[in-house]
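The values are calculated or read from the model by the stated rules, or taken from the named source; none is laboratory data. Everything quoted here is computed from the prediction, not taken from an experiment. In this analysis, Cβ positions are derived from the backbone assuming ideal geometry, glycine residues included, and neighbour counts consider all displayed protein chains. With ligands, DNA and RNA removed, areas are computed over all heavy atoms of the protein, side chains included. Shrake-Rupley method; radii C 1.70, N 1.55, O 1.52, S 1.80 Å.
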Amino acid sequence: WVVLGAGLRAADVLVQAARMVVASHLAGRAISPEQALLAGSTYVLIGALAPTGMLGVREAGAAGAGALAGETDLRLVVLLVTASEVLVALAAGAAAWVCLRPGRWLPRRRVTAP
């Protein structure tokens, strides 16, 4: 189980690095695979360790790690990654809300005959 857990974490880092590469191309700022791996691993690590929540802390940490490692500014790239994550979370949340059928928890009005 430990090996499986470590493998899944490694896969998560690689997926985040790939997302950084795609976002950098969308932003018009191509980054190297090494920078993407650094930003992706920092993004995952801070997301796992941040006690105050993930929004804002991950972006600052990943952009800061990119700034320390090289001259490429990763702020826009990391914000694009987070924006895509927010859009997916909103869409998935809306689908889950529909599946839960929240209307069934509302009190039903009884119609009385006049």
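Here are a few things to note about the model shown:
- Criterion applied to LEU74, LEU55, LEU38, LEU68 was being out of contact with any Cys (no Cβ under 7 Å at 6 or more places or on another chain) and at pLDDT 85 or above, and the one residue passing it is LEU38.
- Inside segment 89-114, residues that are part of a helix (DSSP H, G or I), open to solvent by less than 100 Å² (accessible area, probe 1.4 Å) and of a type in the set (A, V, I, L, M, F, W, C) make up a count of 8.
- Options ALA63, ALA36; residue that is closer than 16 Å to ASP12 by Cβ, within 16 Å of the chain's Cα centre (by Cα) and part of a helix (DSSP H, G or I): ALA36
- Positions within segment 30-48 being loosely packed, with under 14 Cβ neighbours inside 10 Å and under 17 Å from ALA63 (Cβ atoms), in sequence order: ALA30, SER32, GLU34
- Residue in segment 13-20 that is in contact (Cβ under 8 Å) with a residue 12 or more places away in the chain, open to solvent by 40 Å² or more (accessible area, probe 1.4 Å), more than 12 Å from the chain's Cα centre (by Cα) and within 15 Å of GLU85 (Cβ to Cβ) present: yes
Residue by residue, here is whether (1) under 18 Å from ALA18 (Cβ atoms); (2) touching a helix residue (DSSP H, G or I) at 6+ places or on another chain (Cβ under 6 Å); (3) surrounded by 14 or more Cβ atoms within 10 Å (Cβ to Cβ) holds:
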position	(1), (2), (3)
PRO51	no, no, no
LEU55	no, no, no
GLY66	yes, yes, yes
VAL81	yes, yes, yes
GLU85	yes, no, yes
